[in-house]
1. Working out 0.36 nm times the residue gap between K369 and S239, then minus their Cα-Cα distance, what length gain in nm do you get to one decimal?
2. Tell me the accessible surface of V209 in square angstrom (1.4 angstrom probe, heavy atoms of protein chains only), to the nearest ten.
3. Compute and list, largest first, the equivalent-ellipsoid semi-axes of region 1-78 from the alpha carbon gyration tensor, each √(5λ) rounded to a whole angstrom.
4. Percentage of Cα-Cα pair distances in region 365-506 greater than 27 Å, rounded to whole percent?
5. If you stretched the chain out fully between Y499 and Y180, how much longer would it get, using 0.36 nm times the residue separation minus the C-alpha to C-alpha distance?
6. Compute the distance in nm between two label points, each set 7 Å from the Cα along the Cα-to-Cβ direction, one at F428 and one at N214.
7. What is the local net charge at G147, summed over the other residues whose Cβ is closer than 12 Å to its Cβ (Lys, Arg +1; Asp, Glu -1)?
8. Exactly which GluC sites (Glu not before Pro) in region 323-421 are in a DSSP loop and have at most 15 other Cβ atoms within 10 Å?
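The values are calculated or read from the model by the stated rules, or taken from the named source; none is laboratory data. The structure displayed is predicted, hence computed values, not measured ones. Note that we place each Cβ from the backbone using ideal geometry, even for glycine, and neighbour counts take in every protein chain shown. For accessibility, only protein heavy atoms count, side chains too; no ligands or nucleic acids. Shrake-Rupley method; radii C 1.70, N 1.55, O 1.52, S 1.80 Å.
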Amino acid sequence: SDAVFNAAGQIVCRVNQTTVVRPDCVPINVFGDGRPDQAALDFIQTDDTFVKGRASQFNVVGYVGGDLSQLFELPGGPIRFVLGGEYRREKARYRADPLSESGGTFFNAFAPFNPPTFSVKEAFGEIEFPILKDLPFAHELTVSAAGRYSDYNTSAGTTKAYNINGVYAPVRDIRFRANYSKSVRVPTLGDLFSPATQNFAFLGDPCDVLNINNGTSERPINCAADGVPVGFANLPARSQTTEIVSSGNPFLTPEKGKSFTAGFIFQPSFVPGLNVSVDYYRIRVSNLIAVLGGQTILNQCYDLPRPNQFCSLIFPRNPDSTFAQPALISGGINFAKQKADGIDFEVGYRRTFGEIRTDSRLLATYVLKRENYTDPLNPAIADQVLFELGDPQFTANFSTTLTYKNFDLRYGLQYIGKQTIGAYENYFEFQGRPPVNADSTAEVWYPEKFIHNIRLNWRVDKKYSFYAGVDNVTDELPPLGLIGNEGGNPFDPIGRYFYAGFRADF
């Protein structure tokens, strides 16, 4: 507590020397044996804190489905359809105890969260056209589509999502498929209305005479439009931090995604139990919500033509053109993009040979492109994610189980491809840009990993079974410098692990 001497020379709480009196305030002395005393500890400590929250959702869905067989049929069968509507309403709120809410604990202040009610009205439909069936070179030809129209009571407004699918099987053994879809993700209540929390940052005023000519040609025009005089010097911003707030942004719009997939399924009749599928995917996500720093928001507001979404986060300046307190809201903005291309593989084989049954599966992904675009100043500049930690180019998981009478032996293999130790751009040219720091680490790659797992299960009867196994048989550990729990880290953090147990069903 903040302690001072009173008129009698006693050490007292400063607050009790003002018009605001806290009789329970006791100055704390942390020096000496037996210190601090219990009365001081009682004033600064509490176990009566809480954060209480509640979320509820009301959802009504209705739909009808059927086919047009009573009217006509295509060569592959009747057209099938589903039509429906949905209404959804969501509420959420939370608040902390008064002490935590005021920031009196060692946490930041817990501002109450009580956003407006979220609601959406939707109409949706699906339709399937079985064009051909059981014909020469047309075992199946089917086209289907689905769509959803949504009307939100938030800044998301109205959205449309849809997909178109096609399946063609010239013969029974092979089936080709393709899909194109457009999807959306609307901002959540948290994205829109998270309560404001206080922060501070050093902000260079774009309209300051020191910075006015360091932006685009729009900067002087926009500064003049805000009433900032020529030759203005924002002295407070030059010498001290500026108050800002971090909060939700009620003006956010939906994130948008477009994806295309194409591939085939191969189930050869001459190899019973074998199933092979290969699919290419191409995904583009735009208008992603990303949180920007205060300086970026300021610069973008003054450097872009107006109106723009960045200026909506800045509070009007003071009459003398200095920043308001707080100056701006550091919240989410719709601007980021992501790109991802790759190929997915799946192979399954299930077969019984006398008393032995085998069931095997391989899942693998080969990534062709993985890029993020998160720089609003340079929207064409990408961040290469492919090959970096958590995003190897090639990964695979294989498992096989052999069953003989009451015994099951399962073997699993996880393969993790090589990944760069630092940012990919540190070591390699990207988008025509030279490496940023090619010798930033002595080695460039975390090596590829093979992780083996084995498990044996014995079913004594219908009620009891015993099992034992070992994961990570060869004790593959994370590379030096990692502890195994970093975000996106695919490496095993535990090492070799033995286990055994039994199961009883009653």
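1. 42.3 nm
2. For V209, solvent-accessible area is about 70 Å².
3. Equivalent-ellipsoid dimensions as semi-axes: 76, 15, 10 Å.
4. Considering region 365-506, 41 percent of its Cα-Cα pairs are separated by more than 27 Å.
5. Contour length minus the Cα-Cα distance gives 110.3 nm.
6. Label at F428, label at N214, 3.5 nm between them.
7. +1
8. Counting only loop positions with at most 15 other Cβ atoms within 10 Å, the GluC sites (Glu not before Pro) in region 323-421 are E355.
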